[in-house]
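The values are calculated or read from the model by the stated rules, or taken from the named source; none is laboratory data. Just so it is clear, the structure is predicted and the values come from calculations on it, not from any experiment. Note that we place each Cβ from the backbone using ideal geometry, even for glycine, and neighbour counts take in every protein chain shown. In case anyone asks, the SASA skips ligands and DNA or RNA and just uses the protein heavy atoms, side chains included. Shrake-Rupley method; radii C 1.70, N 1.55, O 1.52, S 1.80 Å.
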Amino acid sequence: MDSLITAAAHALAAGDPLGALNRVALREDAPALALRGIAMAQLGDLDRAKALLRRAARAFGPKEMVARARCVVAEAEIALVSRDLAWPQKALERAGAALEAYGDRVNGAYARYLEVRRLLLIGRLDEAEHALAALDPAPLPPASQAGYELVVAGIAMRRLRTKTARAALARAERAAQGAGIPALTAEVESASLVLNTPAARLIVRGEERPLLLDEVEALVASGALVVDACRNVVRDGRLVVSLATRPVLFALARALGEAWPGDVSRSTLLARAFRAKHADESHRARLRVEIGRLRVELGTLADVSATSQGFTLAPRHAREVVVLAPPVDEEHAAILALLADGESWSSSALALALGASQRTVQRALEQLSAAGKVQSYGRGRARRWMNPPVPGFPTTLLLPAPLPNGEDGSMMRSAAEIVCEYGPFPGVESVHGVTFDGRYLWFASGDRLNALDPASGKTVRSIHVAAHAGTAFDGRHLFQIAEERIQKIDPKTGQVLATIPAPGGGGDSGLAWAEGALWVGQYQDRKIHQIDPQTGTLLRTIECNRFVTGVTWLDNELWHGTWEAGESDLRRIDPRTGEVLERLEMPPGVGVSGLESDGSDQFFCGGGNSGTVRTLRRPRRGSAAGSASTSK
């Protein structure tokens with residue numbers, strides 16, 4: 001691929017569709033058309049996006065199977081976001097199979113992930129769980145991993161497994177932060193709010209109160225007889241009787257449950273079940289028939305007994321009867337709940353998700369539209385329905401689709417390979433900055449700089465100087481961060497030759513020398529500054545998406561360490577944009593406080609409070625490895 005195509009792909013992976021369009025908007029070749037299609041999808045012009053992707057698929061030609069399959073996957077996600085649930089799933093299955101057959105595991109996994117999202121959306125939880133179990137999330141880029149965890153959380157919420165849902169949302173949050181896409185982070189935060197928002201109402205002994213989802217889970221497991229108006233079932237522990245297809249019977253069961261331990265008059269039951277304002281003998285006869293049917297259905301859970309006034313519900317095993325009702329009693333609450341996701345739905349997609357006829361859904365939408373609760377746009381088959389938008393807030397958060405080249409910003413991920421470990425050292429409680437002068441490895445330990453011989457693993461000398469954070473070497477002098485200043489030190493005499501102000505005013509972390517300048521990491525501000533080593537003048541700033549610890553340059557590559565929320569890794573970033581290009585993930589419990597390279601194939605990493613220094617092997621580049629084997 002040429003440089004403009006690569007740059008546009010990187011911009012899309014970072015959630016910057018306008019940056020991508022700036023590079024390829026006027027191009028008509030197949031890769032550019034595919035990128036333009038994904039960019040238009042992220043901007044919300046889904047019709048234009050579909051047209052561009054179809055043009056790209058045709059332009060790639062019959063021999064470019066992988067590229068065409070990637071276009072199909074991108075179009076499938078657009079169909080999912082636009083709630084075109086009737087989109088041909090067989091095409092997605094064929095595309096996913098083709099991608100895996102040709103070795104594109106990332107987009108092949110993404111195709112299966114889209115199918116799971118569709119199954120979850122239309123309420124086929126068993127099928128979604130089965131498909132999810134067969135999906136390996138490891139090949140997915142961080143943005144897609146966040147989406148995968150959102151699906152896991154969605155299934156867990158619907159299964160009333162709140163602990164599983166919270167764990168999945170925590171993983172989704174970490175993946176979203178790693179992706180660095182604001183819209184994705186907002187999507188995860190929005191999903192997390194569901195666990196802290198009333199999910200139902202509890203009605204017991206004539207009183208009602210809202211319940212959170214974990215309270216609903218506890219109620220279902222409490223052993224009470226629950227008349228669940230959210231799912232139209234009656235349950236007692238693991239025994240569940242579904243009345244979803246028997247609306248009259250469920251209306252009677254709910255009325256009896258709300259009145260428990262009292263009874264319900266026959267006139268009230270007639271009004272609740274048949275909406276009969278003036279009951280006659282035929283209504284009373286039908287009530288007797290329906291009560292008899294209800295007794296049969298609930299035979300294992302409860303009995304329905306006649307009283308002088310009407311009927312009462314008597315549980316067989318449970319100590320009490322409670323009613324679990326939706327948060328709001330609304331005739332068309334299920335439709336409003338689906339539209340609450342902010343996306344635009346067709347009536348056919350709503351009918352598919354609800355398991356109802358399209359005509360029933362259309363009538364309900366017309367009623368809601370007349371009441372001002374929903375709005376539509378388009379005509380005929382292109383007509384879409386959505387909730388009225390809240391002024392000032394976006395109504396669409398389209399997750400970035402996978403790149404046509406099969407990589408998320410070309411970011412590579414691998415586990416860090418620890419070659420050796422030095423220390424702990426006598427009198428050293430914590431290791432901060434590290435640097436390498438070509439012979440000795442210098443590390444800062446608070447009140448002194450220590451020179452370590454990597455060959456023997458022994459410290460050969462120390463310089464007593466304030467050394468609280470990053471350390472660097474310019475070929476002649478050491479530079480050391482001490483609180484709010486940076487000291488220039490003669491390594492032979494240990495004398496401080498000069499000081500300049502640190503750009504973070506005490507919040508600085510890593511330090512490196514490159515291109516005649518100092519590069520200073522700021523930990524909590526998530527920034528890397530390039531400054532003049534003589535004056536401390538700020539030359540430029542790079543924004544990062546994680547806390548910055550150590551900083552180093554290696555073969556024109558900018559690397560920095562991270563240590564946040566108990567997790568640590570090394571990241572290679574684009575020095576122009578701050579985009580993450582590669583990650584080396586540290587083992588659990590192992591952190592990186594300082595970072596330096598040996599100029600070849602190893603990194604030196606300060607171990608923070610462990611009091612150690614570790615050596616990591618730098619990953620070999622695939623192209624370099626390939627050319628080496630060819631030359632042999």
Carbon and sulfur atoms account, in whole percent of the 1.4 Å probe accessible area of the chain, for 51 percent
The extension gain from residue 222 to residue 412, computed as 0.36 nm times the residue separation minus the Cα-Cα distance, is 63.6 nm
Applied in sequence order to segment 119-129, the curve 6.51 cos²θ - 1.76 cosθ + 1.60 (Karplus, θ = phi - 60°) yields integer Hz couplings, x standing for Gly and Pro, of 4, 5, 5, 9, x, 8, 5, 4, 5, 5, 5
Pseudo-spin-label distance residue 524 to residue 51, built 7 Å along Cα→Cβ, given in nm, is 5.1 nm
Share of Cα-Cα pairs in segment 479-632 beyond 26 Å, whole percent, is 27 percent
For the chain, the per residue accessible area (1.4 Å probe, Å²) is 46 Å²
Diffusion coefficient in µm²/s returned for segment 75-194 by Stokes-Einstein, Kirkwood Rh over C-alpha pairs, 25 °C and 0.890 mPa s, is 169 µm²/s
Per the 1/(1 + (r/R0)^6) rule, R0 = 25 Å and r from the Cβ atoms of residue 208 and residue 265, FRET efficiency to 0.05 is 0.75
Scoring segment 524-572 by relative contact order with C-alpha pairs under 8 Å, at least six apart, yields a percentage of 26 percent
Taking a crude spin-label model, label points 7 Å out from Cα along the C-beta direction, the residue 124 to residue 537 distance in nm is 6.5 nm
Everything considered on the Cα gyration tensor (a ≥ b ≥ c; rounded for a/c under 1.5, else prolate if a/b is larger than b/c, else oblate), the chain must be described as prolate
On the formula 1/(1 + (r/R0)^6), with r taken between the Cβ atoms of residue 495 and residue 515 and R0 of 22 Å, the FRET efficiency rounded to 0.05 is 0.25
Taking 0.36 nm per residue of separation between residue 91 and residue 63 and subtracting their Cα-Cα distance, the length gained on full extension comes to 8.3 nm
Output row, site residue 371, 7 Å Cα→C-beta label point, backbone N cut-off 18 Å, window segment 233-270, residues none
Phi-derived 3J(HN,Hα) across segment 216-223 with the Karplus relation (6.51, -1.76, 1.60, θ = phi - 60°), rounded Hz, x for Gly and Pro, is 5, 4, 5, 5, 5, 8, 6, x
Once phi for every residue in segment 583-594 is put through the Karplus expression 6.51 cos²θ - 1.76 cosθ + 1.60 (θ = phi - 60°), the whole-Hz ³J(HN,Hα) values, with Gly and Pro written as x, are 10, 10, 8, 6, x, x, x, 9, x, 10, 9, x
Farthest towards the positive end of the dipole of the chain, among 229, 309, 542 and with Cβ unit charges of +1 on Lys and Arg and -1 on Asp and Glu, lies the Cα of 309
Total charge of the residues flanking residue 269 in space, meaning their Cβ is under 12 Å from its Cβ, with Lys and Arg +1 and Asp and Glu -1, is +4
For the chain the mean separation of alpha carbon contacts under 8 Å (6+ apart) over residue count, i.e. relative contact order in percent, is 9 percent
The relative contact order of segment 187-344, taking Cα pairs under 8 Å that sit 6 or more residues apart, comes to a percentage of 28 percent
